[in-house]
Amino acid sequence: MGRVGTDHYFAMDHIVLLLMYVAPVVRCYGSGQVTASCDSMQPRHSGLSPQTKPAPFTITTDHSSYRLGEEIKVQLQAVGSTSFTGFLLQAREVGGQSPVGFFTLTAGAAQLLICSQTPNSAVSHRSPSVKTSIQVTWRSETSRYGKPIQFHASFVQNYRTFWVDVTSLTLTFTKDNAGGSTSPSNTAITSSTSTSTTTTILQPSPPVKSISRADCGVTKVCFSQPSECDPTVNADCYFMSAMMLSTSDATIRYEMTGSSDGYISFGFSDDKIMGNDDIYICGIGSNGLVGLQHAFSTGRTAPQAVLLGNVSDVKVSVRDRVISCSFTSMNTISTQRATGINKTYHLMFAHGPSSNGKIQFHAGTFISTDKIDISRPRIIRKAGWPHIIKAHGALMLIAWMTTGSLGMMVARYLKGMAKGQNLCGKDVWFLVHVAVMSVTIAATIIAFILSFSYVKAWSEGTHPVLGCLVMILSFIQPIPALLRCGPQHPQRFLFNWSHALNAVVIKALAVAAIFTGLKLIDSTLDQWLMKVMGGFVGWEALFYILLDVHLKWKFNSKETLESKTISADCLLMAVFFLGNFTFLVALLVGIGMS
């Protein structure tokens, strides 16, 4: 027992000694006294490495440049529902390892540190409490020549999870009364740091939650697709608003948001056609950050970047493909032919992809029905689609959801209904098949010509690609049919299979093209046209299955009277086309009202 007791107390002594060594370290880290980490920015958590995935925290500033002795507000922000318990913040010259400038505090959750023997050159936490945001003020040294700087921070979520050396956007040094500005280049979302340049980019931040339909028509102009959608509720809502803050100096607060892989934009135009338009673009740059750009459109070529001008209070973010921007502008609206805030303009909204920070041709756009005065709050209606585009959609719908379906069904399922009946030396079913498929191909060609006569150029996106494939394969389909070998030829099966397979491919591509086309013009909140089209496709699929089952049943049943099978065929076809006509009319009405 004595031996056990001795061992017990010996072990307890080791534990007490261990706690004595560890406790000061824990208190040190928890209290934020981390001057030992000033150089490396690395928390001294034994045996652990920092996270390599992108940090869920951002460093933002209220200026994108600085002058000697100027104060800059710096904010550390947790993204979404994340938080941090500890942090270390410094300002460093780009490429440098030592802190520069001095910090002052605006909140009690932070404390000043001495790094590199310079008082107040760093900021850290005071306690291990949960934090989502910290704001401090930094001031440059008046005795030093200014160089570009970045703010560096390390964030600690818990003992095992931490991020090291998260950086802010670079702040350039600006001399007093410099008055210089950069020249506009091309329409690239590039990194820039002054409101006098073509582009402003900020660090990623949480989505701009203030963008909503609140006060639309009361204090601000609102424009959206689908009509009256709310961006706080629907992620697929494309929305912009403008609120006049001051009539004396034409100060306007703009907001825009929408889902995109590249950019969203809005502009002012004298007409409903792109060209001579004053545009603001919010896009993702080559570095993955979101930027605001001012541009001028001259037509179907890429817009030309212009000076950002008198723009302030820029807030940008991107999350789950939803890009959001808000900013205040005192710029005069200019479309060359007309200039001034008291003029009226058509509003345009466009969104699309970008490549290496350069915007590509828009994937979607909508335009206001009437010219509007941006200073008068109202809810703006978007213009309907041109009649020529509606005719294009109607022809494609009729061709590949009605006449094309009839032609395919006649060839596969209804040969027995007119068995032995000839007209001009040809089977009746064959003549019907040729007639309706000729109408289908003619309608496809006309629809194709109508769309290109209106657009007058190649449009990027899935819909035009699918449409061109349908057009090409439809044009090819009759050629082998005219050159086919006789019914008794040993190689006839090659034609039969290739002809049928090409028809199925055209049908599938046509359905996909119709879906993508309806998505472009469907302005309803619940995507009503898309749902009806889904029901239409389901109705056709159901009857293809029923007719196929009935066809196999006829081959296997030797006792069934031929008259009964023909009656069943007629009944199935009658029910099918009754439903087909109902869906067709509903979609045509929807296209007409879009």
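The values are calculated or read from the model by the stated rules, or taken from the named source; none is laboratory data. Owing to the predicted nature of the structure, the values given are computational and were not obtained by experimental measurement. Methodologically, a virtual Cβ is constructed for each residue, glycine included, from the backbone with ideal geometry; neighbour enumeration extends over all protein chains shown.
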Within the range 233-244, tally of residues that are in contact (Cβ under 8 Å) with a residue 12 or more places away in the chain and either under 15 Å from residue 323 (Cα atoms) or loosely packed, with under 14 Cβ neighbours inside 10 Å (or both):
8
Selected residue (only one of 128, 148 is touching a residue at least 24 places away in the same chain (Cβ under 8 Å), over 24 Å from residue 313 (Cα atoms) and out of contact with any Asp or Glu (no Cβ under 6 Å at 6 or more places or on another chain)):
128
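So that you can scan it fast, the table gives a plain yes or no per residue for (1) surrounded by 19 or more Cβ atoms within 10 Å (Cβ to Cβ); (2) assigned to a loop (DSSP other than H, G, I, E, B):
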{"residue": "89", "(1), (2)": "yes, no"}
{"residue": "97", "(1), (2)": "no, yes"}
{"residue": "122", "(1), (2)": "yes, no"}
{"residue": "136", "(1), (2)": "yes, no"}
{"residue": "147", "(1), (2)": "no, yes"}
{"residue": "172", "(1), (2)": "no, no"}
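Okay, residues lined up against (1) surrounded by fewer than 20 Cβ atoms within 10 Å (Cβ to Cβ); (2) at pLDDT 80 or above; (3) basic (Lys, Arg):
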residue	(1), (2), (3)
398	yes, yes, no
417	yes, no, no
453	yes, no, no
461	yes, no, no
474	no, yes, no
503	yes, yes, no
Are any residues in the range 280-291 part of a strand (DSSP E or B) and either without any contact (Cβ under 8 Å) to a residue 60 or more places away in the chain or out of contact with any His (no Cβ under 9 Å at 6 or more places or on another chain) (or both), and if so, which ones?
280, 282, 283, 284, 290, 291
Condition check: in the same structural domain as residue 165 (by TED's automatic domain parsing), at pLDDT 75 or above and not β-branched (Val, Ile, Thr). Does residue 68 satisfy that?
yes
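A quick yes/no check of all residues on (1) of a type in the set (S, T, N, Q); (2) within 24 Å of residue 227 (Cβ to Cβ):
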site: 259; (1), (2): yes, yes
site: 264; (1), (2): no, yes
site: 273; (1), (2): no, yes
site: 279; (1), (2): no, yes
site: 291; (1), (2): no, no
site: 295; (1), (2): no, no
Step by step: first the residues of the range 505-520, then only those that are under 15 Å from residue 536 (Cα atoms) and among the aliphatic types (A, V, I, L, M), then the one that is modelled with the lowest pLDDT. Which residue is that?
518
Test residue 140 against the stated conditions and say whether it is buried (at least 19 other Cβ atoms within 10 Å of the Cβ) and either in contact with an Asp or Glu (Cβ under 7 Å, 6 or more places away or on another chain) or at pLDDT below 90 (or both).
yes
Out of all the residues in the range 99-120, which are assigned to a loop (DSSP other than H, G, I, E, B) and modelled with pLDDT of 85 or more?
100, 101
Would you mind telling me which numbered condition in (1) modelled with pLDDT of 85 or more; (2) farther than 15 Å from residue 61 by Cβ residue 81 fails?
(1)
Could you check the range 245-274 and list, in sequence order, the residues that are assigned to a loop (DSSP other than H, G, I, E, B) and crowded, with 17+ Cβ neighbours inside 10 Å?
250, 260, 262, 270, 274
Would you say residue 257 is under 18 Å from residue 321 (Cα atoms), without any contact (Cβ under 8 Å) to a residue 40 or more places away in the chain and among the polar types (S, T, N, Q)?
no
Just to be sure before I move on: is residue 327 touching a strand residue (DSSP E or B) at 6+ places or on another chain (Cβ under 9 Å), surrounded by fewer than 17 Cβ atoms within 10 Å (Cβ to Cβ) and either in a loop (DSSP other than H, G, I, E, B) or modelled with pLDDT of 85 or more (or both) in the structure I sent?
no
